Amino acid sequence: MSLNTISVIGAGQMGIGIAQVCAQAGYNVVLNDVSDEALTRAMSGLDERLTRLVERERLSREDKEGIEARIDPSRDYAQLGAADLVIEAASENEAVKSGIFKTLAPHLGSHTILASNTSSLSITRLAARTDRPERFMGVHFMNPVPVMQLVELIRGIATDQATFETCRELVERLGKIATVSEDFPGFIVNRILIPMINEAAYVLYEGVGSVESIDRSMRLGANHPMGPLELADFIGLDTCVAIMQVLHEGLADTKYRPCPLLVKYVEAGWFGRKVGRGFYDYRGDVPVPTR
Ligand code: CAA
């Protein structure tokens, strides 16, 4: 099936990144959020990033304008549902995601494929609550979407081959590389990455190292581009805890218990970069470790 219009639900850091790469590849994109403010913030953030690329001569002014013109911020569900593919990129909360698919259902075209950018939830379970489990896929982008090469593709138990092939072709057209994961909690990347972040939080919690020494150790000792706590702030500590909970419940193994210190940061509302504070405090000129 050929795709022309793609709807993206959720204008957070993942949603706007997905909208950008789709528009860059020539698709018309409808970007939706429940909050007008989130839509405005997402579009102005995109404009700033693209302006920097133009200034550094990495993108032409015409291409920048083309990308922005192809993204239509809209709160109209009828317009969203008319797309060939809807990619849901709302918060990592099963009730929120299922609620969105339910609200969207009456507006969907019969051919429309539904995809979720969930980073850990069961695709089979999300799909089963829709009217089209055979046209439902997990399409999991990495953050920051415009930079990261990988997209994980996850079939639910009922996903048909045509839906899978359409999503695989989309990933190729976006210039990204797909891996295929079976539908188990956290898929491949987060099954490995988030327990590592959780372990870094334990290392901090137990006083083995400070925020700075943990991050420096993994940057210089394991050649990671970001230390695990810096990366946790980047992903969002709320998302990290949500994924740990899915691993803990879904795999029923105590090795996945969320670190109490990580949970405490989330309870404090210190979600990381997006709110200005997490393992680091970003409110000044340079990030300052909180421990
Ligand atoms: N959005 C778009 N582009 C961004 C960006 C952002 N938020 N942040 C950085 N970039 C771009 C920059 O514009 C720059 O582009 P050019 O090379 O075209 O100029 C490029 O990325 C490199 O940026 P910088 O030189 O400023 O910074 P850097 O070299 O330190 O790289 C980084 C930044 C790419 C984010 C790098 O630190 C990195 O790879 N970090 C690890 C990221 C990672 O692990 N992501 C996966 C998270 S897990 C996930 O996403 C799954 C999940 O479900 C939780």
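The values are calculated or read from the model by the stated rules, or taken from the named source; none is laboratory data. Just so it is clear, the model here is predicted, and its values are computed rather than measured. Quick reminder, even Gly has a Cβ in these numbers, built from the backbone with ideal geometry, and neighbours come from all protein chains shown. Each accessible area value is taken on the protein alone, full model and side chains, heavy atoms only, with ligands, DNA and RNA left out. Shrake-Rupley method; radii C 1.70, N 1.55, O 1.52, S 1.80 Å.
Per residue, the solvent-accessible area of the range 191-279 (1.4 Å probe, heavy atoms of protein chains only, all protein chains present) comes to 49 Å². When the accessible area of the chain is computed with all protein chains present and a 1.4 Å probe, what percentage of it is carbon and sulfur? Result for the chain: 52 percent of the exposed heavy-atom area is carbon or sulfur. Rounded to the nearest 10 square angstrom, residue 22 shows an accessible area of 0 square angstrom against a 1.4 Å probe.
Remark: accessible surface ordering of 97, 264 (largest first) is 264, 97, probe radius 1.4 Å. Placing dummy labels 7 Å off each Cα toward the beta-carbon, the span from residue 208 to residue 131 is 5.2 nm.
Within 12 Å, Cβ to Cβ, of residue 63, how many net charges do the neighbouring residues add up to if Lys/Arg are +1 and Asp/Glu are -1? Once positives and negatives cancel, what remains is 0. Count the net charge of all other residues whose Cβ sits under 12 Å from the Cβ of residue 100, scoring Lys and Arg as +1 and Asp and Glu as -1. Net of charged neighbours comes to 0. Of the whole protein surface, residue 47 contributes about 60 Å² of accessible area at a 1.4 Å probe radius.
Computed from backbone phi, the HN-Hα couplings of the range 285-291 come to 6, 10, x, 10, x, 8, 9 Hz, rounded to whole numbers (Karplus: 6.51 cos²θ - 1.76 cosθ + 1.60, θ = phi - 60°; Gly and Pro given as x).
Length gained on full extension, residue 162 to residue 267, computed as 0.36 nm times the residue gap minus the Cα-Cα distance: 33.5 nm.
In the complete set of protein chains, residue-level accessible area for residue 265 is approximately 10 Å², probe 1.4 angstrom. Fully extending the segment from residue 180 to residue 252 would add 23.6 nm, taking 0.36 nm per residue of separation and subtracting the current Cα-Cα distance. I'd like the FRET efficiency for residue 82 and residue 1, computed as 1/(1 + (r/R0)^6) with the beta carbon distance as r and R0 of 25 Å, rounded to 0.05. After rounding to 0.05, the efficiency reads 0.95. Based on alpha carbons, the Rg and Dmax found for the chain are 19.1, 56 Å. Using the Cβ of residue 12 as centre and a radius below 9 Å, the other residues enclosed give a net charge of 0, where K and R count +1 and D and E count -1. Mean residue ellipticity, 222 nm, helices only, the chain: the sum of -39500 (n - 2.57) across DSSP H runs of n ≥ 4, divided by residue count and rounded to 500, is -14500 deg cm²/dmol. What's the center-to-center distance, using Cα atoms, between the range 1-64 and the range 108-127 in Å? First find each Cα centre; the distance between them is then 21 Å.
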